[in-house]
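Here is the structure we will look at.
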Amino acid sequence: MSTMTISPLRISANIWRNRYLLGQLIKRDVLLRYRGAIFGVLWIFLSPLIMLAIFAFIFGQIFQARWPQQESGIPFWVLLFSGLIAFNIFAETISRAPTSVRGYPSFVKKIIFPVDILPIVPLGAALVHGGFSFLILLATLAWTGHLHASLLLFPLLIVPLLLLALGLSWFIAAWGIFLRDMTQIVPVFVQMLMFLSPVFYPISAVPESLRTLYQLNPLSTVIEATRAAVGGHSVDWSGWGMAFGFCLIAAILGYAFFQHSRDEFADVL
C-alpha cells in the first residue's frame, strides 16, 4: 500500500518537487486543446473576449440589467464576468477531473510516476485560461473607468476556491477510475452549482430564509469577495477565512482519498 500523508506541508512539498513535470503537463494540455485550430492558442484570449462582448450586448444593451439596489457604478455585465472568472476556474477543473488520471493509463502503470499530480493538470490549465480572462477584466475596468486597487486582491481571494477545486479533483479523479459514470454526473453537478451560487445574482437577492444556506457554500463566499474587490468595496475577511479553512480541509481529505485508492488504479486500467 502507498505511504499516505495528509500534512499540508508535505503535500505542498511533493507538488513543488514535481513542479517541472507538472508545468510540462499543463503546457502540453493547453497546447493540445488548440492544436489544429486556425487561430491556435489565440483562442485563450479570444474566447473570453467574445463572451464578454456578448454579455455587454445582451445584459448591457438589451436587458439593461443592474444588480439589486444598484443605482450606478460598474456595469452588470462586468460584475457578472468577474464572478464567472472565479467560477469557471472551479468548473473547468472538476469537469475534467474524472478523466484526469484515466486518460493517462501508461503513466499510472509506471511505478515511479507521481500519479497524484495528474488531477492538478486541469487546475493548472484552468488557471491559464482564468489568467487571460483576468487580464481582459483589467482592461475592461480601465476602459469603463472603474479600475480599483483592490482588484489586486483577486488572486488571493480565489485561493479557497483553488483548494476546493483541487480537493474535489483528487476525489473525483479517483472515483473516475472505478465509476465511468462520473464523466456524466460531474457536468450536471457543475451546472447545478453555477445556478445555486451567486454568479448571476448577488447573495443579497436570495430570500432571507435561504441566505444562511447559501453562505455555507464556499463558492458563494469567494465569488462575493472577488466581486467586492472588483467593485472597490470591503471584503468579508471573516467569511473568507472560514471558507479557506473549510476548503483546506477538503483539499487534504481529497488527497488522502486519492492516495488511499491509488494502489488499485493500475489493476482497473
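In the list PHE171, PHE63, PHE55, PHE154, which residue meets the criterion of being at pLDDT below 90 and either under 11 Å from the mean Cα position of the chain (by Cα) or surrounded by 15 or more Cβ atoms within 10 Å (Cβ to Cβ) (or both)? Can you show your working first?
Details: PHE171 fails: at pLDDT below 90; PHE63 fails: either under 11 Å from the mean Cα position of the chain (by Cα) or surrounded by 15 or more Cβ atoms within 10 Å (Cβ to Cβ) (or both); PHE154 fails: at pLDDT below 90.
It is PHE55.
Residue by residue, here is whether (1) modelled with pLDDT under 90; (2) in contact with a helix residue (DSSP H, G or I) (Cβ under 9 Å, 6 or more places away or on another chain); (3) closer than 25 Å to GLN259 by Cα; (4) surrounded by 12 or more Cβ atoms within 10 Å (Cβ to Cβ) holds:
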| position | (1), (2), (3), (4) |
| --- | --- |
| MET1 | yes, yes, yes, no |
| THR5 | yes, yes, yes, yes |
| PRO8 | yes, yes, yes, yes |
| ILE11 | yes, yes, yes, yes |
| TRP16 | no, no, yes, no |
| LEU22 | no, yes, yes, yes |
| ARG28 | no, yes, yes, yes |
| PHE39 | yes, yes, no, no |
| LEU46 | no, no, no, yes |
Inset, instruction - Check whether at least one residue in the stretch 174-181 is within 21 Å of GLN259 (Cα to Cα), out of contact with any Lys or Arg (no Cβ under 8 Å at 6 or more places or on another chain) and either part of a helix (DSSP H, G or I) or polar (S, T, N, Q) (or both), and report yes or no. - result: yes
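Would you confirm, using the coordinates I've provided, whether VAL230 is in contact with a Ser or Thr (Cβ under 7 Å, 6 or more places away or on another chain), at pLDDT 90 or above, more than 29 Å from PRO98 (Cβ to Cβ) and not polar (S, T, N, Q)?
Values: in contact with a Ser or Thr (Cβ under 7 Å, 6 or more places away or on another chain): yes; at pLDDT 90 or above: yes; more than 29 Å from PRO98 (Cβ to Cβ): yes; not polar (S, T, N, Q): yes.
For VAL230, the condition - in contact with a Ser or Thr (Cβ under 7 Å, 6 or more places away or on another chain), at pLDDT 90 or above, more than 29 Å from PRO98 (Cβ to Cβ) and not polar (S, T, N, Q) - is met.
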Inset, instruction - Kindly provide the set of residues from the stretch 136-151 that are touching a helix residue (DSSP H, G or I) at 6+ places or on another chain (Cβ under 8 Å) and free of Cβ contacts under 8 Å to residues at least 40 places away in the same chain, ordered by number. - result: LEU138, LEU147
Legend entry - Candidates GLY83, GLY103 - the one that is among the small types (Gly, Ala, Ser) and surrounded by 19 or more Cβ atoms within 10 Å (Cβ to Cβ): GLY83
Inset, instruction - Mind listing just one residue for me: the one in the stretch 1-52 that is among the charged types (D, E, K, R) and more than 30 Å from PHE81 (Cα to Cα) and, of those, nearest to the chain's Cα centre (by Cα)? - result: ARG19
Legend entry - Unmet requirement for ARG211, which otherwise passes all of (1) among the basic types (Lys, Arg); (2) in contact with a Pro (Cβ under 8 Å, 6 or more places away or on another chain); (3) at pLDDT below 90: (2)
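Say we look at the stretch 202-226 and pick out the residues that are part of a helix (DSSP H, G or I) and among the polar types (S, T, N, Q); which of these is surrounded by the fewest Cβ atoms within 10 Å (Cβ to Cβ)? Spell out how you get there, then give the answer.
To start, the set of residues in the stretch 202-226 that are part of a helix (DSSP H, G or I) comprises 203-205, 208-215, 218-226.
Retained after the next criterion (residues that are among the polar types (S, T, N, Q)): 204, 209, 212, 215, 220-221, 226.
Details: SER204: 12, SER209: 7, THR212: 9, GLN215: 18, SER220: 22, THR221: 29, THR226: 27.
Going through the qualifying residues, I end up with SER209.
So is VAL188 under 18 Å from the mean Cα position of the chain (by Cα) and without any contact (Cβ under 8 Å) to a residue 40 or more places away in the chain or not?
Numbers: under 18 Å from the mean Cα position of the chain (by Cα): yes; without any contact (Cβ under 8 Å) to a residue 40 or more places away in the chain: yes.
So VAL188 passes the test.
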Inset, instruction - Out of VAL199, VAL188, report the one residue that is part of a helix (DSSP H, G or I), surrounded by fewer than 22 Cβ atoms within 10 Å (Cβ to Cβ) and not basic (Lys, Arg). - result: VAL188
Inset, instruction - Using the structure shown, decide if PHE134 is farther than 20 Å from TRP16 by Cβ, in contact with a Phe, Trp or Tyr (Cβ under 8 Å, 6 or more places away or on another chain) and at pLDDT 95 or above. - result: yes
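Within the group PHE189, PHE171, PHE246, which residue is under 22 Å from TYR104 (Cα atoms) and of a type in the set (Phe, Trp, Tyr)? Give the derivation first.
Working: PHE189 fails: under 22 Å from TYR104 (Cα atoms); PHE246 fails: under 22 Å from TYR104 (Cα atoms).
Selected residue: PHE171, the only one of PHE189, PHE171, PHE246 that is under 22 Å from TYR104 (Cα atoms) and of a type in the set (Phe, Trp, Tyr).
The values are calculated or read from the model by the stated rules, or taken from the named source; none is laboratory data. Every value quoted in this text rests on a predicted model; they were computed, and no experiment measured them. All Cβ positions, glycine included, derive from the backbone under ideal geometry; neighbour counts span all protein chains shown.
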